[in-house]
Amino acid sequence: MAAKIKKGDYVVVIAGKDKGRKGEVLKVSPKDEKVVVKGIRMVKRHVRPSQMDPDGGIKEFEAPIHVSNVAHLDPKEDKPTRVGFKTLKDGKKVRVARKSGEVIDG
């Protein structure tokens, strides 16, 4: 199964407390069907001091969100769209925005 959402894509949250917010995908976990989006679903964790982080304290970072709760942003219209696949004349398979027909990864 080809990946419809990849690292570096711009997505919009379509469900949950951050609905309507947009961001860039930082990490994709296909096994868990989750993505991490920059600035979305921020959580706070109490972190114990370690050699890597001698201060410790309360840290804030992005938590994963289920892939069904995000939609790809159409490159042309800046609105949510579904993703399809198309084979170009040279035999290359590319992702295409269903709404505008625009090629996502050229």
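Please build a GNM for the chain, connecting alpha carbons under 10 Å apart, and tell me which residue among 59, 79, 22 fluctuates the most. Looking only at 59, 79, 22, the largest GNM fluctuation is found for 59. In the chain, a dipole from Cβ-located charges (positive for Lys and Arg, negative for Asp and Glu) runs towards its positive end, and of 29, 3, 49 it is 3 whose Cα lies farthest in that direction.
Calculate what fraction, in whole %, of the accessible area of the chain sits on carbon and sulfur atoms when a 1.4 Å probe is rolled over the protein chains. Walk me through the numbers on the way to the answer.
On the way: 3860 of 7570 Å².
C and S fraction of accessible area: 51 percent.
Of the listed pairs 17/59; 27/79; 19/92; 6/76; 17/79, which have alpha-carbon separations greater than 24 Å here?
Over 24 Å apart, Cα to Cα: 19/92.
Ranked from largest to smallest solvent-accessible area, with a 1.4 Å probe on the protein heavy atoms, 42, 52 come out as 52, 42.
Residue ranking by accessible heavy-atom surface, 1.4 Å probe, largest first, among 74, 90, 53 comes out as 90, 53, 74. Here's the list of aspartates and glutamates a cross-link from residue 22 could span, going by alpha-carbon distance under 18 Å and ignoring same-chain residues fewer than 8 apart: 9, 62, 74, 77, 78.
Solvent-accessible area of residue 41, all protein chains in place: 100 Å² (probe radius 1.4 Å, heavy atoms, ligands and nucleic acids excluded).
Evaluated with a Cβ-only charge set (Lys, Arg +1; Asp, Glu -1), the stretch 1-97 carries a dipole of roughly 340 debye about its Cα centre, given to the nearest 20.
The values are calculated or read from the model by the stated rules, or taken from the named source; none is laboratory data. These numbers come from a predicted model, not from an experiment. A quick note on method: Cβ atoms are made from the backbone with ideal geometry, for glycine too, and the neighbour counts reach across all protein chains shown. Remember, those area values only see protein heavy atoms, side chains included, never the ligands or the DNA or RNA. Shrake-Rupley method; radii C 1.70, N 1.55, O 1.52, S 1.80 Å.
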